[in-house]
Amino acid sequence: MMAPDRFAALWRSLEPIGRGAGGGYHRYSWTYPDLACREWFSEEAADRGMTVETDGNGNLWAWLGDPAAGDAVVTGSHFDSVPGGGGYDGALGIVSAFLAIDVLAEQGARPRRPLGVVAFTEEEGARFGVACLGSRLLTGALDPQRAAALTDRDGVSLGEVMKSAGADPALLGPDPARLRRIGAFVELHVEQGRALTAPVGVASAIWPHGRWRLDFTGTGNHAGTTRMAERQDPMLTFACAVLGANKEARLQGAHATVGRVSVEPNATNAIPSSVTAWLDARAPEQSTLDSLIAAVTTRVSERAARDGTGVSVSAESVSPVIEFHAQLRDRIADLLGGAPVLPTGAGHDAGVLAAHVPTAMLFVRNPTGVSHAPQEYATDTDCAVGVDALAAVLEELACR
Ligand code: GLV
Ligand code: MN
Ligand code: MN
């Protein structure tokens, strides 16, 4: 059994990286905290006699055994965070992976298949806007040229950022040979709501979800001299979009959030010339998600006509419903003594891998349900139970 103190010791070695003064994390891909996390990963892998490689998409892999042998069992998650996010989302899966490998070694379990730990690049899409960037590129779900041209909030492209970090953006893109070597993928993740009351659960599905960019245009003008009846103010159309998305989500049993906005010129005494906002929308069913987006689009278009503004709605990244591999899910739930099986509204690299490889997810209980915020956490005791559960799963899949 993993002692909670032992979990805590490894956890604390990673915990300070990228943590801001208010306790929130700022770990964005290819920034200093991300590179420091990668260094931590390489050291932990080396301590366990694992070989480390970075693929052309910046995903980091540590291996016990030769991955070229194929039918590998891989576990892992991501280091990156949302702006000011929690420390457990992603990192818990990587710390737990290394500790689970320790448990197997101490039990004398001998992997008969290659065993890998992966850290995917930019799962949150916090820097370049596309969620699950590394896993989408790996699986061919994202065009490498589009990816290389994505820019961060300072206008710097992924291609430029990779070059400055010594990586070659020409290597971005699908890696079917690497994917073919994976026989099963299991991601352990902190649960992100209050749905899990046992220490560990197994994922059944991920809701369909996506991100839409809303561009509102109007006429920049003086706040003091422009008559109210003569304005083309995109902030009004934007406000209608926020309230409309919230209302439609409540009416339709979906989730809709506008958590990011940028305004030009962003001056107190100027009517904005443009507003850009991002809508995150999720629903249990694809038809509900489609109907939510259609309803929001209709509402804002009608409002824009009244405001004399322009609006365009464009999808930035959209993920269909994911039903995890049923046999693997049931086998793992049985192995863990009838662990609860539950769906989630959160997106994961496991969801991207699931279209290509038998994939499963383990969730560790979140006592408050808070996530993507500094208060996100799981107890050391539950995390230790999570490590034992992951070790049992790896033993079942890789050592028999
Ligand atoms: C990732 O955490 C997401 O669901 O946005
Ligand atoms: Mn997240
Ligand atoms: Mn995550």
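The values are calculated or read from the model by the stated rules, or taken from the named source; none is laboratory data. Because the structure is a prediction, the values reported are computed rather than measured. Virtual Cβ from ideal backbone geometry, glycine too; neighbours counted across all protein chains shown. Accessible surface is based on the protein model in full, side chains and every heavy atom, while ligands, DNA and RNA are left aside. Shrake-Rupley method; radii C 1.70, N 1.55, O 1.52, S 1.80 Å.
Could you pull out the residue among GLY70, GLY90, GLY85 that is farther than 15 Å from LEU188 by Cβ, in contact (Cβ under 8 Å) with a residue 12 or more places away in the chain and within 11 Å of ligand 3 (Cβ to nearest atom)? Break it down stepwise before answering.
Details: GLY70 fails: within 11 Å of ligand 3 (Cβ to nearest atom); GLY90 fails: farther than 15 Å from LEU188 by Cβ.
Just a single option satisfies the conditions, and that option is GLY85.
So VAL117 clears everything in (1) open to solvent by less than 10 Å² (accessible area, probe 1.4 Å); (2) within 16 Å of ligand 2 (Cβ to nearest atom) except one condition, right? Which one?
Of everything listed in (1) open to solvent by less than 10 Å² (accessible area, probe 1.4 Å); (2) within 16 Å of ligand 2 (Cβ to nearest atom), VAL117 misses just condition (2).
Kindly list, by first and then second residue, each pair from a residue in the range 219-248 that is closer than 14 Å to SER301 by Cα to a residue that is open to solvent by 60 Å² or more (accessible area, probe 1.4 Å) and assigned to a helix (DSSP H, G or I), limited to pairs with Cβ atoms under 8 Å and residues at least 6 apart or on different chains.
Once the first residue is closer than 14 Å to SER301 by Cα and sits in the range 219-248, its partners that are open to solvent by 60 Å² or more (accessible area, probe 1.4 Å) and assigned to a helix (DSSP H, G or I) give LEU236/ARG303; THR237/ARG303; CYS240/ARG299; CYS240/ARG303; ALA241/ARG299; ALA241/ARG303; GLY244/ARG299; GLY244/ARG303.
Only one residue in VAL313, VAL300, VAL318, VAL341 is farther than 24 Å from ASP5 by Cα, of a type in the set (Val, Ile, Thr) and modelled with pLDDT under 95. Which one?
On the way: VAL313 fails: modelled with pLDDT under 95; VAL300 fails: modelled with pLDDT under 95; VAL341 fails: modelled with pLDDT under 95.
None of the others qualify; the one that does is VAL318.
With the checklist (1) within 16 Å of ligand 2 (Cβ to nearest atom); (2) among the small types (Gly, Ala, Ser); (3) more than 24 Å from VAL190 (Cβ to Cβ) in hand, flag the one item SER319 doesn't pass.
(3)
Return only the number of the condition from (1) more than 17 Å from ALA198 (Cα to Cα); (2) in a loop (DSSP other than H, G, I, E, B); (3) open to solvent by 10 Å² or more (accessible area, probe 1.4 Å) that ARG306 does not satisfy.
(2)
Mind checking which residues of the range 315-352 are assigned to a strand (DSSP E or B), under 18 Å from GLY386 (Cβ atoms) and open to solvent by 50 Å² or more (accessible area, probe 1.4 Å)? So that I can check it myself, show each step before the final result.
Going residue by residue through the range 315-352, those that are assigned to a strand (DSSP E or B) are 315-319, 322-323, 341-344.
From what is left, the residues that are under 18 Å from GLY386 (Cβ atoms) are 341-342, 344.
The answer is VAL341, and nothing else.
Which helices (runs of 4 or more DSSP H) sit wholly inside the range 114-185 and have at least 2 residues that are in contact with a helix residue (DSSP H, G or I) (Cβ under 7 Å, 6 or more places away or on another chain) and within 16 Å of ligand 3 (Cβ to nearest atom)? I'd like the intermediate steps shown before the answer.
On the way: elements: 133-139, 144-149, 158-164, 176-180.
Once the helices (runs of 4 or more DSSP H) in the range 114-185 are filtered for at least 2 residues that are in contact with a helix residue (DSSP H, G or I) (Cβ under 7 Å, 6 or more places away or on another chain) and within 16 Å of ligand 3 (Cβ to nearest atom), what remains is 133-139.
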